[in-house]
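Chemist: Here's a structure for you.
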């Protein structure tokens, strides 16, 4: 790094390991190399709750940016592939839909094919569901998978994918990657923080054994407690519990069962929802709920009753408050991960926000002057991303016809941001989608949720009336037939993962 003025960052201290800490350390080590010393301090006394982790397709870009080998990554983290989320009982009891990664067929006139399907569905009563044109959805339902390929638009690349993996193994995998590239790992518990008396900048953290770790830039990856960003700087917290009332979770692994599904499952319950995340060696399960509408004991019973394999542990308890820090960057301290904010894992966004935060830190990387404008821009980007993701998650709860429990009645009547209210009403009235975050969830994702939850737009695009509807129907039929043939030729997901990772198709644990 050019240090002509002697102001370059000389040492970065990351407070906390886990997924956030090592996902931060790895790209910093790759980008900064030997120009900057990087130290990560973590304590084995601070454990993690997750038994499995679901992600968004951006994780593949993150891994590729680090140069990770897909087969090695899959083998070392027990990863499987994820084509989307299978939702059960959300809009109403018996409701089921799939949020697949990709659009509903090729774009027409650079617009969502859903708009054209909507017109055809009004004209042709035998029109299949719009989901039949989502390649990811058709693949998921058939338990088929292959990685996209081909340079020209085709069924073989008309979808995206993410991963499921063991979060602890992923952190360890990135730890080895980072340490090999010069990151120093120190095992210890931070007990005190030292600050400059004039500027208030953090100058060092003190460990239980009395040692000190000095630095220029301090990154807070300490989890919910926000050891630096809140413990030192009292950043403040924007509490979103009124819109996202779930405040508790229990997690438990169970034995893997067949088939190995290429998707996450989310099943709505009377006071929240349960997840199912399939890994190579086991299945991760959890129950996210509001303890104001059910007891921990009942939540545990719901979780255990829904397992499709033998429980491998007792459920582990977690409490949380949804929201975000008012500022994630103050002076020479940057919070990344749970220390920055928390949104429940309904759409697998926590790792994505870590990816974004690390990327924005590198884009706005400071020198030792830590000019406030950099922090202001970073805080703006992080705050907006939390808010846009919040709205997308709140949408799942707000659009419901369920009235079978006090929890769902609350969700149906709770106030929501004006931006979300506009998105819902625009789709309900016209089938169009307002996108506030071009880098976030796209039109197809919003359609998946709103249409899946039962909204049928009142009108369609009048310009489509000018088209030859029979020719349009023929186009859709041909695309659907092409998708079915292509998916039938794809390998089974479990077999694909087994060949890729070099592991048995059915591990001994499943017996």
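Chemist: What angle do you read, to the nearest 10 degrees and between 0 and 90, between the alpha-carbon axis of helix 443-452 and the longest principal axis of the chain?
Modeler: Approximately 60 degrees, to the nearest 10.
Chemist: For residue 471 and residue 154 in the same chain, what is the full-extension length gain: residue separation times 0.36 nm, less their Cα-Cα distance, in nm?
Modeler: Result: 112.1 nm gained on full extension.
Chemist: When the Cα centres of region 434-462 and region 190-218 are compared, how far apart do they sit, in Å?
Modeler: So the two Cα centres are separated by 48 Å.
Chemist: Can I ask one more? Computed from the mean reciprocal separation of all distinct C-alpha pairs, what Kirkwood hydrodynamic radius does region 303-358 have, in Å?
Modeler: 13.8
Chemist: Pulled fully out, how much extra length does the chain show between residue 425 and residue 304, if you take 0.36 nm times their separation in residues and subtract their Cα-Cα distance?
Modeler: 39.8 nm
Chemist: Is the shape of region 69-164 rounded, prolate or oblate, going by the alpha carbon gyration tensor and its root eigenvalues a ≥ b ≥ c, with a/c under 1.5 for rounded and a/b larger than b/c for prolate?
Modeler: The shape class here is oblate.
Chemist: A further question on this structure: I'd like the orientation of helix 167-180 relative to the chain: the angle between its Cα long axis and the longest Cα principal axis, in ° from 0 to 90, rounded to 10.
Modeler: 50
Chemist: Would you mind computing the Rg to Rh ratio of region 220-306 from its alpha-carbon coordinates, Kirkwood style for Rh?
Modeler: That ratio is 1.08, to two decimals.
Chemist: Looking only at the chain, where both bridge partners belong to it, what percent of the DSSP beta bridges are antiparallel (to the nearest 5)?
Modeler: Looking only at bridges with both residues in the chain, the antiparallel portion is about 75 percent.
Chemist: May I pose another question? Modelling each spin label as a point 7 Å along the Cα-to-Cβ direction, I'd like the residue 414/residue 70 distance in nm, to one decimal.
Modeler: Taking the two extended label points, one gets 3.8 nm.
Chemist: Taking the chain as the reference, fit the longest principal axis to its C-alpha atoms, fit the long axis of helix 18-32 to the helix C-alpha atoms, and give the angle between the two in degrees, 0 to 90, nearest 10.
Modeler: Around 70 degrees separate the two axes.
Chemist: Let me ask something else. Could the peptides 186-199, 116-129 be put in order, highest first, of the mean number of other beta-carbon atoms found within 10 Å of their residues?
Modeler: Descending packing order for the listed peptides: 116-129, 186-199.
Chemist: So, how do all the Cα-to-Cα distances of the chain break down into 10 Å bins, in percent, from 0 on up?
Modeler: Reading the bins upward from 0: 4, 18, 27, 26, 17, 6, 1, 0.
Chemist: Another question, if that's okay. Rg to Rh for region 343-458: what is it, with Cα atoms only and Rh by Kirkwood?
Modeler: Details: Rg = 17.1 Å, Rh = 16.0 Å.
Ratio of gyration radius to Kirkwood radius for region 343-458: 1.07.
Chemist: May I pose another question? What order, most packed first, do the peptides 261-268, 133-140 have when packing is the mean number of other Cβ atoms within 10 Å of each residue?
Modeler: Order by mean packing, descending: 133-140, 261-268.
Chemist: OK, next. Could you work out the helix-only [θ] at 222 nm for the chain, with each DSSP H run of four or more residues adding -39,500 (n - 2.57) and the total divided by the number of residues, to the nearest 500 deg cm²/dmol? Walk me through the numbers before you get to the answer.
Modeler: Working: 14 runs with 175 residues, N = 511.
Mean residue ellipticity at 222 nm (helix-derived): -10500 deg cm²/dmol.
Chemist: Over the chain, what is the mean sequence separation of C-alpha contacts under 8 Å (at least six apart), divided by residue count, expressed as relative contact order in percent? Before the final figure, lay out each step's value.
Modeler: Numbers: 1001 pairs, mean separation 111.0, N = 511.
Normalised by residue count, the contact order of the chain is 22 percent.
Chemist: Another question, if that's okay. Over the C-alpha atoms of region 192-234, what are the Rg and the largest Cα-to-Cα span, Dmax, in Å?
Modeler: 10.3, 29
Chemist: How would you classify region 109-149 from its alpha-carbon gyration tensor, with a ≥ b ≥ c the square roots of the eigenvalues: rounded for a/c under 1.5, else prolate if a/b is greater than b/c, otherwise oblate?
Modeler: Working: a/c = 4.77, a/b = 1.69, b/c = 2.82.
Verdict is oblate for region 109-149.
Chemist: Taking the Cα centroid of region 486-501 and of region 148-167, what is the distance between the two, rounded to the nearest whole Å?
Modeler: Centre-to-centre (Cα) distance: 13 Å.
Chemist: I need the calculated FRET efficiency for the pair residue 401 and residue 311, taking r as the beta carbon distance and R₀ as 41 Å, to the nearest 0.05.
Modeler: 0.80
Chemist: Roughly how far apart, in whole Å, are the Cα centres of region 64-135 and region 387-430?
Modeler: Using only Cα atoms, the two centres lie 21 Å from each other.
Read-outs throughout are calculated quantities, based only on the coordinates presented, and are distinct from any laboratory measurement. Computed from a prediction, not measured in an experiment: that's the story for all the values here. So basically every Cβ, Gly included, is an ideal-geometry build from the backbone, and we count neighbours across all protein chains shown.
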